[in-house]
1. So how do A:V323, A:V336, A:V141 rank on accessible area, 1.4 Å probe, biggest first, that is with the largest at the start?
2. Just subtract the alpha-carbon distance of B:K30 and B:S290 from 0.36 nm times their residue separation and send over the number in nm, one decimal.
3. Choose one answer from B:I77, B:I297, B:I124: the residue with the largest mean-square fluctuation in a GNM of chain B with alpha-carbon springs under 10 Å.
4. Collect residues whose amide H, placed 1.01 Å from N in the peptide plane, falls under 5 Å from the amide H of B:M272; neighbours closer than 5 in sequence don't count.
5. Can you work out ³J(HN,Hα) from phi for every residue in the stretch B:53-62, in order, using Karplus 6.51 cos²θ - 1.76 cosθ + 1.60 and θ = phi - 60°, giving whole Hz and x for Gly and Pro?
6. With no other cysteine's Cβ closer than 4.7 Å, which Cys residues of chain A count as lacking a disulfide-compatible partner?
7. With a 10 Å cut-off between alpha carbons and a GNM built on chain B, which of B:A110, B:A44, B:A189 moves the most?
8. How big is the dipole moment of the protein assembly as shown about its Cα centre under a simple scheme where the beta carbon of each Lys and Arg is +1, that of each Asp and Glu is -1, and everything else is neutral? Debye, nearest 20, please.
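The values are calculated or read from the model by the stated rules, or taken from the named source; none is laboratory data. None of these values were measured; they are calculated from a predicted model. All Cβ positions, glycine included, derive from the backbone under ideal geometry; neighbour counts span all protein chains shown. Note: areas computed on protein heavy atoms with side chains; ligands, DNA, RNA excluded. Shrake-Rupley method; radii C 1.70, N 1.55, O 1.52, S 1.80 Å.
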Amino acid sequence: ALTAMAATRLFLSASPVKSSLTGLTGGTRSSLGLTLLKRSPDRTAEPKAQRRHAAHFTYHPDPAPAQYGPTQKMNLFQAVTSALDNTLAGDPTAVIFGEDVAFGGVFRCTVGLRDKYGKDRVFNTPLCEQGIVGFGIGAAVAGATAIAEIQFADYIYPAFDQIVNEAAKYRYRSGNLFDCGKLTIRSPWGCVGHGSIYHSQSPEAFFAHCPGIKIVVPRGPVQAKGLLLSCIADQNPCIFFEPKILYRAAVEQVPTEAYQIPLSQAEVLQEGSDLTLVAWGTQVHVLREVAAMAQEKLGVSCELIDLQTILPWDTETVCKSVVKTGRLLVSHEAPVTGGFAAEISSTVQEECFLNLEAPISRVCGYDTPFPHIFEPFYIPDKWKCFEAVKRMINY
Amino acid sequence: SRKMTVGARVVVSARTYADFTPQASFDIKKCDVHKLEEGPPLQAVLTREEGLQYYRTMQTIRRMELKADQLYKQKIIRGFCHLYDGQEACAVGIEAGINLSDHLITAYRAHGYTLTRGGTVREIMAELTGRRGGIAKGKGGSMHMYTKHFYGGNGIVGAQVPLGAGVALACKYLGKNELCVCLYGDGAANQGQIFETYNMASLWKLPCIFICENNKYGMGTSVERAAASTDYYKRGDFIPGLRVDGMDVLCVREATKLAAEHCRSGKGPILMELQTYRYHGHSMSDPGISYRTRDEIQEVRSKSDPISMLKDRMLSNNMASVEELKEIDVEVRKEIEDAAQFATTDPEPPLDDLCNHIFYNDPPMEVRGTNPWTKLKSIS
């Protein structure tokens, strides 16, 4: 597995954020950050002048949840740290391990935890993904709440055998005598602007094909903390993919106490009557803009759903929505062939065939490896999604 | 060497070339051995031509990496960039011990090897900036550079080692007396697939030289914190091993020659650990000072810099003059500037290339994309 230290330094701010668990987020934007702000991309500019500095979406924070107690401003990686902090505090068997987690992790998700809870509970592993997950399965079977980190989702493949053949099938093959339900695997996921082939992948579709594990992707800090705590509590092995582009970009008021957001429940973010939009992770924010554009330019009312749990996914919410609107658009960064949109599309046409006004649209990445220089053309940005919306409306 | 004028001043050597010592013998450090009768000789002979060539190549690598650093900070190079300065003696020494017809594969810190294996600075820099003149047509970037008999340039740590063994098998099978040099780092040495490869290579007596470039840090983790045994040259267990001073180009060369001889005589694989050091951090995102002190870096720079070591040796044995080496420096700088200029002005690859080279297609195939009605064509 390739390791790239502090990849976030590249993304937005070069100044290390003093991330104490009670401190604020932010920190000063370095001069690098200022340069980014000055050069805002102009879509009508010539290709020569185009610079890929700004993200392909705007982040809109969710309102602070009222029912979970006092909240604090946190970005995504701090929300993850907070969740892990709550877990280590409440569960004496919880351990966190992975490459470079001891100093805080390359994305700062585990900052301060080793100092607070000790080096026997937060420790580094050598460079061996297969070993990390295998080890995690063993620890979970023996009764520890094992939280393994795979440094980038792109490196999860050496561990694929362990996840699919061991973790997913443990309970089944032992007739419920043993299980590794206490295992949670966390991994940074998704495109980031210049991650290229091995720092941008979204491998959820590979794992969706495997019964026995759960896959979860949050869209923001509030969701991330709640869903991660649910994954840890869930009595099945879970893979939790964290959209790396949102680690610093997404800032919300997040409850400091532990709380859980139920798994396998999709969330309807915006109600609408004409078209259903489904996505997860970063793409939810892209589709939010698409929904706004559709309303403004076409007078089309879109219903936006964040799937949240990929496996097992909430077929009911999506199908109910499609029955109402008659049109479905699913979008993800991963390549279109065999991507998870295919599964959603197939199930929906089975359940809601007669309700469909237009063929189901999948706006996804091209069937190529994730490119470096071609990334802006590769990703399913809001313009491509909007085009798909137009075609569906006019079908 | 290329024609050049340095401003209005023309450099003139004070001595004629006949004054220089044509060759000299140098003491090199003894190598620790594992399951080997004896290591390489304790003395190496260096001719003047060889010395100048090693100097030029190492200096080219050094300046190229520093230029890449500069371009990266200007955001002309983006993505990931892992620099090789400090480790030049490894690439140059290894190449001096093998032939261009032999094969080599390494991990992502590959710019040096791309050069020694036949790439040009222009192609390398254009690949870093992602332009069509790049050695991989701009589609690979820093980590994915390839030339004839050089299989990259690999991003996933440790994944290149089984590949190298496969190449070695092909060498053995085709009977052309070629071998494969298979490099990896101290971090990768803990990957399971490395040990699988040791077993296969040894079982089938493949002509494979495994080389562990131990630069003491796997990204930010020092070797003591990552490995139960830091004697990387012994970790092949049943494979004979050598521990080599990787900052001395002559030591690396002699060890590589010994290893090549071992492989070509059909004895099977051999493992070399090169003890070396990188001045930059792991990549351009890593300042390189949070897990080691500036003093440590400075100390290595002043005491063991590979280029300085070679330069001192040559000068103190009257094998070259200060002016001559300066001339080489100037030429190298010019070459790098030209290459950087090319790399910044060359156009990016055409958008059609997005879908090319996924499969081998005959006839062209369609590639599905973001929308059902936008299909792109893959024509190669």
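1. The residues order as A:V323, A:V141, A:V336, largest area first.
2. Full extension from B:K30 to B:S290 adds 90.3 nm.
3. Taking springs between Cα atoms under 10 Å, the residue moving most is B:I297.
4. Amide H to amide H, under 5 Å and 5 or more residues apart or across chains, B:M272 pairs with B:F210, B:I211, B:C212, B:L242.
5. 5, 4, 4, 4, 5, 5, 5, 4, 4, 4
6. If one checks each Cβ against the other cysteines of chain A, A:C109, A:C128, A:C180, A:C191, A:C210, A:C302, A:C319, A:C352, A:C364, A:C385 turn up with nothing under 4.7 Å.
7. The residue with the greatest mean-square fluctuation here is B:A44.
8. In debye, rounded to 20, the protein assembly as shown gives about 1180.
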